[in-house]
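Everything below concerns the one structure shown next.
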Amino acid sequence: MSLKRKKVAIVGAGIAGLSIAYNLKKLNIDVTVFEKSSELRDNGLGFLIMSNGMGMFNQMGIENFIKDKGNVIEKFVSVDKYSNVLKDSPIENCLAINRSNCINAVYNQLGEESVSFGKELIKYASVEGTDQKILHFKDGSTFTADILIGADGISSKLRNGLYPDHPKTEIKEKEIVGVAHIPELASKLQNTFYKVINLEEGVNMGLLPSTNGEIIWFIQFNENKIKTPGNSPEELEKFSKDIVAGLPLEFQEVIFASDFKQAFLWRMYDVDILPSFHKDGIVLVGDSAHPLLSFTSQGVNSALEDAHILANLLYNNPDSKAVDLFDKFDQLRRPIIQEAINGGRLILDQFLHPEKYSNFEVPFVEHGAK
């Protein structure tokens, strides 16, 4: 059966799921995205789209549309707590963008008819003698797919079902992310990703100027040195204000201008690479396939690469068996993802145990993939 006559089901309407759906639909392939939430989710607040991710948006033909929704970042500057510059380097083809703006931009280009909301996957069953999967949803509905793609995020139900015993370790680095509306400071930062590094006390903080006077911020802290707060807005606000007390004024200003009802505390996990990115006729992409440590700056960018590569494999090999194409996808992506995992682990170790290193990488990976 030609791929153009097959039905592709994607579980998860994050950036990975929407991007691969867009790529497939652009190739006139029948695709439906199933999202368990009733609407697009905006947790995460912001994305840093690196040059490899922007290249994928260019391949999709929507790079300029995405750029209109974000702020081009041209420089990375890191300082110590006394504002002494540690690193000042240019960044090519990089964009800071509100997560909601990015997700909605791809969704609007895809078209709402391709996404079905309120569809929480409960189970699936294989159709004997075929590659088809029957998806069963919580609302009692079903869908028969010729190809099933898992893009349901870091807590992927599909990945956990396929690899229930795969190791996942909660790490001692935690992050709080939030957003502040400070037009004057955003204008001052312009196109600079600004970060303070304080490894001795176990804390980093980054500022990313976005659009409309918004600044996306994050605090990374070492749980070996700093106790993790509770997850209520009040607890996150008190913790963050205490953390920035000794940091440069720009970082203090951002925290005191933030609405902590919009802030999130992320518990981070280190996940070994899967034995394969596909199993039982299901292929995984993005965080479902390979959650990456945030230090890599490659989570969203690697998802965009996955979407581009898998869509092209499916389109260019319409008479091949799906499992063979999934094997090829795994072979292409595995070394790139392993490199990103290794790089993230090194920088994590330097962050958690700076005493072990005489020289260390500033915690920012510009490019984990080519």
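The values are calculated or read from the model by the stated rules, or taken from the named source; none is laboratory data. The structure displayed is predicted, hence computed values, not measured ones. We place every Cβ from the backbone using ideal geometry, glycine too, and count neighbours over all the protein chains shown.
Would region 43-58 turn up any residue that is aromatic (Phe, Trp, Tyr), touching a helix residue (DSSP H, G or I) at 6+ places or on another chain (Cβ under 8 Å) and surrounded by fewer than 16 Cβ atoms within 10 Å (Cβ to Cβ)?
No, region 43-58 has no match at all.
Which of the following residues is at pLDDT 95 or above, under 25 Å from residue 87 (Cα atoms) and of a type in the set (Lys, Arg): 241, 188?
Residue meeting the stated conditions: 188.
So, in region 126-156, of the ones that are modelled with pLDDT of 95 or more and more than 25 Å from residue 313 (Cα to Cα), which residue ends up surrounded by the fewest Cβ atoms within 10 Å (Cβ to Cβ)?
By that ranking, first place goes to 140.
For residues that are surrounded by fewer than 18 Cβ atoms within 10 Å (Cβ to Cβ) and closer than 18 Å to residue 48 by Cα, scanning just region 346-366, find the one that is modelled with the highest pLDDT.
Among residues in region 346-366 that are surrounded by fewer than 18 Cβ atoms within 10 Å (Cβ to Cβ) and closer than 18 Å to residue 48 by Cα, the one modelled with the highest pLDDT is 362.
I need every pair where a residue in region 333-345 that is modelled with pLDDT under 95 and surrounded by 15 or more Cβ atoms within 10 Å (Cβ to Cβ) has its Cβ under 7 Å from the Cβ of a residue that is part of a helix (DSSP H, G or I) and hydroxyl-bearing (Ser, Thr, Tyr), sequence separation at least 6 or different chains.
340/296; 340/302; 343/296; 344/296
Going by what's in this entry, would residue 13 be described as in contact with a helix residue (DSSP H, G or I) (Cβ under 8 Å, 6 or more places away or on another chain), of a type in the set (Gly, Ala, Ser) and not in a helix (DSSP H, G or I)?
Here the answer is yes, as residue 13 does meet what is asked.
Looking only at region 125-164, how many residues end up being in a loop (DSSP other than H, G, I, E, B), within 22 Å of residue 287 (Cα to Cα) and out of contact with any helix residue (DSSP H, G or I) (no Cβ under 6 Å at 6 or more places or on another chain)?
Qualifying residue count for the region: 3.
When the residues of region 31-78 are filtered to those that are polar (S, T, N, Q) and touching a strand residue (DSSP E or B) at 6+ places or on another chain (Cβ under 8 Å), which remaining residue is nearest to residue 92 (Cα to Cα)?
Here the residue is 51.
For residue 181, which of the numbered conditions (1) modelled with pLDDT under 95; (2) farther than 30 Å from residue 288 by Cβ fails to hold?
(1)
Being closer than 29 Å to residue 269 by Cβ and of a type in the set (Asp, Glu) is the filter here; which residues of region 121-168 pass it?
Listed by number, the residues that qualify are 152, 165.
Would you check if there is a residue in region 306-319 being in contact with a strand residue (DSSP E or B) (Cβ under 6 Å, 6 or more places away or on another chain), surrounded by 19 or more Cβ atoms within 10 Å (Cβ to Cβ) and part of a helix (DSSP H, G or I)?
Checked region 306-319: no residue is in contact with a strand residue (DSSP E or B) (Cβ under 6 Å, 6 or more places away or on another chain), surrounded by 19 or more Cβ atoms within 10 Å (Cβ to Cβ) and part of a helix (DSSP H, G or I).
Run down 97, 122, 147 and say which single residue is among the hydrophobic types (A, V, I, L, M, F, W, C), over 23 Å from residue 322 (Cα atoms) and in contact (Cβ under 8 Å) with a residue 24 or more places away in the chain.
97
Are there strands (runs of 3 or more DSSP E) fully within region 185-287 with at least 2 residues that are crowded, with 22+ Cβ neighbours inside 10 Å? List them.
192-198, 203-209, 214-222, 282-284
For region 165-184, give me each residue that is in a loop (DSSP other than H, G, I, E, B) and without any contact (Cβ under 8 Å) to a residue 40 or more places away in the chain.
The one that is in a loop (DSSP other than H, G, I, E, B) and without any contact (Cβ under 8 Å) to a residue 40 or more places away in the chain: 165.
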